[in-house]
Amino acid sequence: MPRPPTVFVCSACAHEASKWHGRCPGCGEWNTLAEEQRAPAAARGASPGGGSAGRASRPVRLADVRADRVARLRTGIGELDRVLGGGLVPGSLVLLGGSPGIGKSTLTSMALGNLAGAGRRTLYVSGEESAAQIRLRAERLPGAALEVPVLAETDLATVLATLEAERPEVCVIDSVQTLHCADLTGAAGSVGQVREVADRITRLAKVRDIAVLLVGHVTKEGALAGPRVLEHLVDCVLQFEGERERTYRTLRGLKNRFGSTNEAGVFEMRQGGLVEVQDASARFVGEATRAPGSVVLAAMEGSRPLLVEVQALVSPSDMVPPRRIANGIDRNRLALVLAVLGRHAGVGAGTADVFVNVAGGVRVDEPGADLAVALAVASAARGVAAGDGTRPIACFGEVGLTGELRSVAHPERRTAEAAKFGLAPVVGPEAGTLRAALRAALPGRSAARAA
Ligand code: TYD
Ligand code: MG
């Protein structure tokens, strides 16, 4: 029997090469190619396209296509349902990524518990934990978490056979990296394995109309471990973010075939599982200090406004180059804002260390955060509290390279949210330039000296 052909697949970009390279020819990453064995291809036909000869099929005009509105399976977790676009779609695959310990198993157990409580057939497949461990977690969770049937298994064939026999409406696979397909070489979690596992589960899910929540690990760099092809295969990619040591977590949609990817939900990890945080703005504003270096950013989490505190510390350094530490915002944005502050607004951080932190462990990945970072750093550098000193000052806006302020999405929603918590006026892009915004937000140097 001929040996199945060998290919080398990149774990970062899924590029396929016929021989091994130290550096992937597709994306340039080092040491990402892994050997994979392919099942021998069926005898190829001699059609002009090079594929096997098939029968022609009749395309259908879009207007004649039947598209029944499917009822969504609500998980009963409002924030999760919203990010999903109204609940799980039967027969769809959702990939839930996040670093270890963030709460993926907790969130999926809670969702299944609610669904089981609502009379849905569910199944929790775990290759990571024993049934006893899963039970111990479920005991801490509210609702019908203990009603969920569980299967602790790593063999893909067994899992597929069980799905076929049990026919759940909703199933969780925790995690896709722990399942192993015996037909393929390679350890569980390798590129080929993960792809094969996801592919076979997808096919069964579509045929049997099972909504599947695939849990996936995220690497240190934040990418979903395993091949990117996984992201193409599934209908929906959700990312669970936050820092393990902090209580707040955000759930974001990165891809959604059935809804918007603009949505995000905020959760808090408590003793009894994850709790939705609906009054996140109130909490963050309540916790905000009025000290120099603190401002409130009127951010957008998807279609929802969210007020978060941005803090900065500027302190003398003996390091060359000095430290630039950013938590919750992009490091490159911090570098850009510091450069513009120095060049166009007369606030040079020079050789000082600069630390910027979004309080509560929240991540804000939007250009509207620039102005908050700039004001917090300027306020810290000058040692002057922003605003009138009695309440925090709210702001938003993108900082341009020439020192101008640029508008960002939903200014009216941001301003309204700030006003709701008594933070008015808001310093925004109407100020025109970063220099003007600084004048509006920070009392002059003379006031600082007088204090
Ligand atoms: P887990 O869902 O196991 O994370 P993941 O599956 O993403 O690796 O939960 C992670 C942490 O949450 C764990 O350290 C324990 C904590 N936790 C609580 O604080 N409260 C709870 O009710 C539960 C179930 C877990
Ligand atoms: Mg887990």
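The values are calculated or read from the model by the stated rules, or taken from the named source; none is laboratory data. All values reported here derive from a predicted model rather than from experimental measurement. For neighbour counting, all protein chains shown are included, and Cβ atoms are generated from backbone atoms with ideal geometry for every residue, glycine included.
Structure values in brief
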item: Filtered residues of segment 249-271 (kept if within 24 Å of residue 327 (Cα to Cα), within 16 Å of ligand 1 (Cβ to nearest atom) and either surrounded by fewer than 22 Cβ atoms within 10 Å (Cβ to Cβ) or at pLDDT 90 or above (or both)); result: 251, 252, 267, 268, 269, 270
item: Pairs with Cβ under 9 Å, 6+ apart, first in segment 9-30 and over 19 Å from residue 230 (Cα atoms), second surrounded by fewer than 20 Cβ atoms within 10 Å (Cβ to Cβ) and among the aromatic types (Phe, Trp, Tyr); result: 18/8; 19/8; 20/8; 21/8; 22/30; 23/30
item: Number of positions in segment 143-193 that are within 21 Å of residue 108 (Cα to Cα), away from ligand 2 (no atom under 16 Å from the Cβ) and modelled with pLDDT under 90; result: 1
item: Qualifying residue in segment 104-126 (condition: within 16 Å of ligand 1 (Cβ to nearest atom) and part of a loop (DSSP other than H, G, I, E, B)); result: no
item: Residue in segment 162-181 that is free of Cβ contacts under 8 Å to residues at least 40 places away in the same chain, within 16 Å of ligand 1 (Cβ to nearest atom) and either of a type in the set (Val, Ile, Thr) or buried (at least 23 other Cβ atoms within 10 Å of the Cβ) (or both) present; result: no
item: Test: residue in segment 52-73 that is modelled with pLDDT under 80, closer than 26 Å to residue 196 by Cα and more than 32 Å from the chain's Cα centre (by Cα); result: yes
item: Output for segment 393-421, where each listed residue is assigned to a loop (DSSP other than H, G, I, E, B) and surrounded by fewer than 24 Cβ atoms within 10 Å (Cβ to Cβ); result: 400, 401, 402, 403, 407, 408, 409, 410, 421
item: Considering residues of segment 127-155 that are away from ligand 1 (no atom under 12 Å from the Cβ) and among the β-branched types (Val, Ile, Thr) only, the residue farthest from residue 217 (Cα to Cα); result: 148
item: Sole residue being in contact (Cβ under 8 Å) with a residue 24 or more places away in the chain and more than 30 Å from residue 267 (Cβ to Cβ), chosen from 364, 337, 347, 356; result: 347
item: Test: residue 11 is surrounded by 15 or more Cβ atoms within 10 Å (Cβ to Cβ), of a type in the set (Ser, Thr, Tyr), in contact with an Asp or Glu (Cβ under 9 Å, 6 or more places away or on another chain) and modelled with pLDDT under 85; result: yes
item: Complete set of residues in segment 308-342 that are of a type in the set (S, T, N, Q), farther than 18 Å from residue 241 by Cβ and in a strand (DSSP E or B); result: 311, 315
